[in-house]
Amino acid sequence: MAIEIKVPADLAELAREFLENRKTELALFERFLREKNFKEVARLAHNLKGNGACYGFPQLTKIGDQLEVAAKAGELNDCANLVRQIQDFVQNTKIVVVAGVAV
Amino acid sequence: MSMTSGKSVLIVDDSPELLKFLEKILVNVGITITKAHTVTEAWQAIQTTAPHVIITDLEMAPESGFDFLEKLRANPSYIRIPVIVLSSRGDRSAINQAMGLGAKEYVQKPLDASLILQKVKKLLHSSQFTSLDFKNMPTVEAKVPASIVAGSAGGLQVESPVRLARDSSATLETASLGAMKFDRVPTLRSSNNIAKMNERGGFLNELRFLGLTEEQMRSLEEIIRRWHTK
């Protein structure tokens, strides 16, 4: 099911780039999980938590928060589930540009 | 012209995406941005131009935002630059530590663009700090009183009412060095990193001798040896 995210015009390009970067990052998450490198998973998740909402994706901030907690606890299955949620989100999200500025 | 136009903000964060976002919203209101990914980069940046406001993350490596706040507080040139801490840490101990180290505002991530912009504008409005362009600052020559606190054949630690900039030249006129029979006053170069003002209002400046001959070096070692055994 497609998710529509409304983004002000002045942020549209940055938001698209941010979403594209998440697609690239998925491969990193998968690699670090295969290597059980929870420290790196937590680091990436921490950044996702900090940046998602400001680019217009509070859902990614929420997943990033949960993923950071799971990675710090070394919960491999939880981490894998949350990475799948990121994948679903980026694959199904469509950015809708609306008039106006971010602030 | 708007109140923010022409003002400068240094942003320190290890996340390139956060730097990019903040740059976008601050440049939109006419603010000039300098970005740093580490405390080392930030420190280098402010040696060139001290900004009107600093925004810094806390959790960075190898040096943290707390380390950066400490360095700023220890340096009289930068202590008055208002700092906003922008961190995902929301615990009381982090907030207390940051504010205790001199941060003016504490904003928790995830970043709220309008909130950070409001804080920046508030500090730019209330700040008395004038941005300093150290790179293009005029140099001055001055004769000031100084006292030798410690010495070795490599250099001297000198207390004076002025803080010497790193790599500035100095000459020392002192009776105790007259015994060295220099044909000229020895030249010294400041190796200061952070010279802190002491309780007497003076600065301890680290000075290195330049171009001493072996004979002068031996003479100096003898003077310092006698000086230490007094």
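Since every read-out is calculated from the coordinates, none of them should be taken as a lab result. Quantities reported herein were computed from a predicted structural model and do not represent experimental measurements. Every residue, glycine as well, gets a Cβ built from its backbone with ideal geometry; the counts of neighbours run over all protein chains shown.
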Using unit Cβ charges (K, R positive; D, E negative) and no other charged atoms, how large, in debye to the nearest 20, is the dipole of region A:3-98 about its Cα centre? 160 debye
For chain A the mean separation of alpha carbon contacts under 8 Å (6+ apart) over residue count, i.e. relative contact order in percent, is 47 percent
Shape call for region B:1-76 from the C-alpha gyration tensor, a ≥ b ≥ c root eigenvalues: rounded (a/c under 1.5), prolate (a/b greater than b/c) or oblate? oblate
Here the whole-number average of other chain Cβ atoms within 10 Å per Cβ of B:14-25 is 5
Whole-angstrom gap from region B:76-90 to region A:45-84, using each part's C-alpha centre: 27 Å
Please compute, for peptide B:79-91, the average count of beta-carbon atoms on other protein chains lying within 10 Å of each residue's beta-carbon. 1
Relative to chain A, whose Cα atoms define the longest principal axis, helix A:58-72 and its Cα axis are tilted in degrees, nearest 10, by 10 degrees
Could you work out the equivalent-ellipsoid semi-axes for region A:3-98, taking the square root of 5 times each eigenvalue of the Cα gyration tensor, largest first, in whole Å? 25, 12, 11
Number of partner chain Cβ atoms within 10 Å, mean per residue of B:105-112: 4
Cβ crowding within 10 Å averaged over residues, with A:29-37, A:79-87 ranked highest first: A:79-87, A:29-37
